[in-house]
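The values are calculated or read from the model by the stated rules, or taken from the named source; none is laboratory data. Owing to the predicted nature of the structure, the values given are computational and were not obtained by experimental measurement. Note that we place each Cβ from the backbone using ideal geometry, even for glycine, and neighbour counts take in every protein chain shown. Heavy atoms of the whole protein, side chains included, go into the accessibility calculation; ligands, DNA and RNA do not. Shrake-Rupley method; radii C 1.70, N 1.55, O 1.52, S 1.80 Å.
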Amino acid sequence: MSFSLPVAPFRPRLLDALKGYSRARFLGDVGAGLTVAVVALPLAMAFAIASGLTPEAGIYTTIVAGFLVALLGGSRVQIGGPAGAFIVIVYGIVQQAGVAGLLIATAISGVLLFLMGLFRLGTLVRFIPVAVIIGFTNGIAVLIALSQIKDFLGLNVLDMPADFFGILEALATHLHTFNPWALGVAALSLALIVLWPVGLKALAARAPIFAKWRVLPGAMVALVVATVAAAAFNLPVETIGSRFGGIPSELPAFGLPDIQWESTRLLLMPAITLALLGAIESLLCARVADGMIRDRHDPNQELMAQGIANVVAPLLGGMPATGTIARTVTNVKSGATSPIAGIVHALVLLAVVLVAAPLASSIPLACLAAILMHVAWNMGDWRAFARLRRFRPTYGATLLAVFLLTVIFDLTVAVQVGILAACVIFIYRMSNLARAVPLAVDEFTAENTTLRIWQLSGALFFGSATVTEALHDKLPERVLVLDLEPVIYMDSTGADALKTLTKAARQQGVAVIAAGLAAQPLDQARRSGWTSALSVDLQPDLGAALTVARRLLAQGQP
């Protein structure tokens, strides 16, 4: 007898996407890759700086993770790289365990992601309630925006805390260091990001030649304009060069972080949070892409690719990576048809690092803060708060609880509490669906004291055991008939409750006849031994059960 684990096959989507690959598709993928690289460059630097890292960490991650996710992933158009959702978690890890701790946590999360995909857990991520996802996404967006106020206003804060109240206190106590030039650069950058697509649309309506400029994102336009302005007018604003000394024109050397068991053990929970958030983000992004290109991604292969990327990236000085919605949507709209576009985007960024890295030294941090402010605004589903009155109070309570816990306390705590609350609410609702209803059939009325018929429905599990327990005080004198056809699920507690009811009935001389169990409840009932405790064999339906009941009554049994 052979035994095999239910593992997913490792088959990158690239292998299937290249079937029938043509020159036209290749040119389309190259064009899309170039466009995505332009979008990814400012975001990569901004995400890294906001996470407490150097800008090159974001660029290295975009190159390494972007290449591996495209090469090995389960989606044709997914673009991998650092994401805004990670900023709060990464910043907290860096503050508590340093960059070495972040590298270890990222690698552990990569191993967890790979195992999730290998053991076919890709679909389980979809079971996380929408209220939990919206709650922590909006909470992260608020924290991202809050963390960027410092550079947006040009405040001189040397060490920004990671917690909500610490950030507020640091901002309040340093408001006197406000830099109006930084605010001007940030405001100009934000205006360009917001108004660029609107202006291009208006210009394209008059002159179609401007329609081709739509591939140029507002973030890159703002980055170029703000950098040129700051350098040309020698504005007194902080830049990448003044804070970080610029970006190296080479990739970092491959190296293992200093691994110590004590520190690694403490990083396990943050690593689980990174893996969970990365899985959610990447698979939601892949589903969005599927809807745009009418395709279906392989969630398990995608998780395995994300896992490999998150193991390799920290070995080259990178940060956590996942699928990114903004860059993936840009990839699709730019004409991508295969993972080649993602590979091209990574290679273009590699060329930028090797050739044009010194130019990044003049980028104002206020401009990057404006880019992240815009990212935070687009990241949140703010209309969800206005829609709360349409849903049950439990939905709203879960969403608001996760949101407030994310903002005020910690994302890990928020996700744990949110999922726990969702589970409790689900159990409560399922228990309310369980019913025990008296039936009146032919000569057997609901008031008959000799024979009573109860129809049980819903799920008989640990949360609804009281439904069966309530029948103990309503036993008839001779025969109890249980119609179980509407029962959709039964666990061991539900079966044990039926055994207890049957035992109590037999002690009072009452025969118990059951009928109509479906496959899963029947299997559970047999394994628990309840069916063998019945007065007669389990009947196929209520009609057969009543026939047996009439015979027992006629014979004077039990």
Could you name the aspartates and glutamates whose alpha carbon sits less than 18 Å from that of Lys150, not counting residues in the same chain fewer than 8 places away?
Asp159, Asp163, Glu169, Glu238
What stretch of the chain, leaving out the sites themselves, is the longest with no GluC sites (Glu not before Pro) in a DSSP loop having at most 14 other Cβ atoms within 10 Å?
1-249
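With a cut-off of 8 Å between alpha carbons and a minimum separation of six or more residues, what is the relative contact order of the chain in percent? Please report the intermediate quantities before stating the final value.
Details: 1041 pairs, mean separation 126.3, N = 558.
Reported relative contact order: 23 percent.
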Restrict the search to segment 1-99; then list the chymotrypsin sites (Phe, Trp or Tyr not before Pro) that DSSP places in a loop and that have at most 15 other Cβ atoms within 10 Å of their Cβ.
Phe3, Phe10, Tyr21
Pairwise FRET efficiency - Ala386 versus Lys201, Cβ, R0 = 30 Å, nearest 0.05:
0.65
Cross-link candidates for Lys333: which lysines have Cα within less than 23 Å, leaving aside residues fewer than 8 places away along the same chain?
Lys19, Lys201, Lys212
Point-to-point label distance, Phe462-Leu347, nm (Cα→Cβ direction, 7 Å offset):
5.5 nm
Using a 1.4 angstrom probe on the protein heavy atoms only, line up Arg383, Arg506, Arg327, Arg25 by accessible area, largest first.
Arg383, Arg506, Arg25, Arg327
Could you look at the chain and say what percent of its accessible area is carbon and sulfur, using a 1.4 Å probe and all protein chains?
65 percent
Estimate the FRET efficiency between Gln96 and Val413 by the formula 1/(1 + (r/R0)^6), using the beta-carbon distance for r and 22 Å for R0, to the nearest 0.05.
0.90
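Mind running the shape call on segment 83-202? Use the C-alpha gyration tensor, a ≥ b ≥ c as the square roots of the eigenvalues: rounded below 1.5 for a/c, prolate if a/b tops b/c, oblate otherwise. Don't jump to the answer; show the numbers that get you there.
Details: a/c = 2.41, a/b = 1.45, b/c = 1.67.
Oblate shape, in that a/c is at least 1.5 and b/c is the bigger or equal ratio.
Based on alpha-carbon positions alone, could you give the equivalent ellipsoid semi-axes of segment 318-370 from the gyration tensor, as √(5λ), descending, whole Å? All intermediate terms of the calculation are to be shown ahead of the outcome.
On the way: eigenvalues 113, 50, 27 Å².
Rounded to whole Å, the semi-axes are 24, 16, 12.
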Please compute the modelled spin-label separation between Thr493 and Ala519, points set 7 Å along Cα→Cβ, answer in nm with one decimal.
2.6 nm
Suppose we take every Cα in segment 398-552 and form the convex hull; what volume per residue is that in Å³?
121 Å³
Return the distance in nm (one decimal) between the two label points of a simple spin-label model at Thr449 and Leu359, each offset 7 Å from Cα along Cα→Cβ.
9.6 nm
Gain in span if fully extended, Val225 to His174, counting 0.36 nm per residue against the direct Cα distance:
15.5 nm
For segment 467-558, projected area of the alpha-carbon convex hull averaged over all directions, nm²
5.3 nm²
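Full extension from Asp290 to Ala397: what is 0.36 nm times the residue separation minus their Cα-Cα distance, to one decimal in nm? Don't skip to the answer; put the middle values down first.
Details: separation 107, 0.36 × 107 = 38.52 nm, distance 3.15 nm.
Using 0.36 nm per residue and subtracting the Cα-Cα distance, I get 35.4 nm.
At a 1.4 Å probe radius, which order do Asp298, Asp159, Asp151 fall into by accessible area, largest first? Don't skip to the end; give the middle numbers.
Details: Asp298 55, Asp159 105, Asp151 20 Å².
Reading off the accessible areas and sorting them downward yields Asp159, Asp298, Asp151.
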So if R0 is 51 Å, what FRET efficiency would Glu469 and Leu266 give, r being the distance between their Cβ atoms, rounded to the nearest 0.05?
0.65
Square roots of five times the C-alpha gyration tensor eigenvalues of the chain, ordered largest first and given in whole Å, equal 59, 26, 22
Straight-line reach from Lys503: which lysines have Cα under 30 Å away, leaving out those fewer than 8 places along the same chain?
Lys474
With angles folded into 0 to 90 degrees, how steeply does helix 365-379 sit against the dominant principal axis of the chain? Use alpha carbons for both and round to 10.
20 degrees
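Roughly speaking, what is the stretch gain from Leu15 to Ile209, that is 0.36 nm per residue apart minus the C-alpha to C-alpha distance, in nm to one decimal? If you can, show how the numbers build up before the last one.
On the way: separation 194, 0.36 × 194 = 69.84 nm, distance 3.73 nm.
Additional length available on full extension: 66.1 nm.
Compute the accessible area per residue over segment 448-505, keeping the other protein chains in place, probe 1.4 Å, unit Å².
Heavy-atom accessible area per residue stands at 39 Å².
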